[in-house]
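Here's the structure we're looking at; comments come further down.
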Amino acid sequence: MSDCLYNSQGVVNQIDWQQYIYLVRNEALKLAVRLPATIELDDLLQVGYIGLLDTIKRYDASQGNTFTTFAIPRIKGAMLDELRNRDWLPRQTRKKIKDVTSAINELEQRLGVAPNDQQIAEYLQLSLTEYRKILLDSNYSQICSYDEIQKKLGDNVDFIIEQNEDNNPFLSIIDEEIRHIVIQQIENLPEKEKMVLALYYQEELNLKEIGKVLDISESRVSQLHSQAIKRIQSKVNI
């Protein structure tokens with residue numbers, strides 16, 4: 001069955017939406033591994049299906065993009081918009097997360113190198129276990145952070161390969177100094193954190209699979225992912 005929907009140019013799009021359901025499921029599963037249990041996969045899927053149908057309406061084959069290339073960032077965007085509207089972390093937890101970002105920045109200035117987990121925990125007067133718990137909570141709050149970095153930087157970072165919004169005018173005017181800072185910070189990440197980002201965003205492995213590759217637990221992968229994002233955020237407000 002094909003949906004006959006008019007796009008923005010008034011041209012009928014005849015696309016079998018069922019053929020592309022797998023795109024919705026793929027994007028929902030990628031997000032789900034970074035979300036708390038209170039966010040159900042079915043919720044993401046429902047929003048994604050709506051995003052898919054909206055994408056069919058907007059697709060214009062004459063622009064030269066395949067439907068899949070056009071659809072993926074828009075399906076994902078619909079899910080992220082829904083998640084941005086939910087506030088599942090207590091205010092106190094959000095403050096702790098903000099304190100971690102500040103601590104990383106201050107310690108790096110003081111030490112001249114990227115601080116490790118233990119140094120950050122001691123600076124915050126927390127046990128290592130408490131600090132790593134904040135990192136896990138932080139992963140839930142920053143599901144959009146790295147995606148926004150990707151959108152802004154495009155292909156300027158080698159292991160960022162996901163498609164950006166087509167002809168996004170923002171990419172032509174984004175401040176070059178911010179671009180340089182973000183790219184530099186990614187390059188300066190501790191090797192294991194950089195590896196986690198590369199495996200997650202380039203190789204599209206889930207947290208469990210990354211844990212097997214690096215021989216660490218799934219929760220530790222999540223913590224490293226969160227810490228990498230915090231290091232980047234500590235240098236530029238994204």
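For the range 41-84, the per residue solvent-accessible surface stands at 46 Å², with DNA, RNA and ligands left out and a 1.4 Å probe.
Stretched out straight at 0.36 nm per residue, the stretch from Lys208 to Leu128 would grow longer than its current Cα-Cα span by 26.6 nm.
Given a 1.4 Å probe and every protein chain left where it sits, what share in percent of the accessible area of the range 78-134 is carbon and sulfur? Answer for the range 78-134 is 45 percent, counting heavy atoms of protein chains only. Counting only lysines at least 8 places from Lys95 when in the same chain, those with an alpha carbon closer than 22 Å to its own are Lys133, Lys230, Lys235. With a Förster radius of 30 Å applied to the beta-carbon distance between Ser219 and Gln109, the computed FRET efficiency rounds to 0.55. Straight-line cross-link partners of Lys57 among the lysines, defined as a Cα under 30 Å from its Cα and at least 8 positions apart when in the same chain: Lys30, Lys76, Lys151, Lys152.
Could you work out the percent of alpha carbon pairs in the range 82-129 separated by over 15 Å, rounded to a whole number? The calculated P(r) of the range 82-129 puts 52 percent of pairs beyond 15 Å. Taking amide H as placed 1.01 Å from N in the peptide plane, Ile15 has its amide H under 5 Å from the amide H of Asp3, Leu5, each at least 5 places away in sequence or on another chain.
The values are calculated or read from the model by the stated rules, or taken from the named source; none is laboratory data. Here the structure is a predicted model, which is why all the values come from computation and not from measurement. Quick reminder, even Gly has a Cβ in these numbers, built from the backbone with ideal geometry, and neighbours come from all protein chains shown. Note: accessible area is taken over every heavy atom of the protein model, side chains too, but ligands, DNA and RNA are not part of it. Shrake-Rupley method; radii C 1.70, N 1.55, O 1.52, S 1.80 Å.
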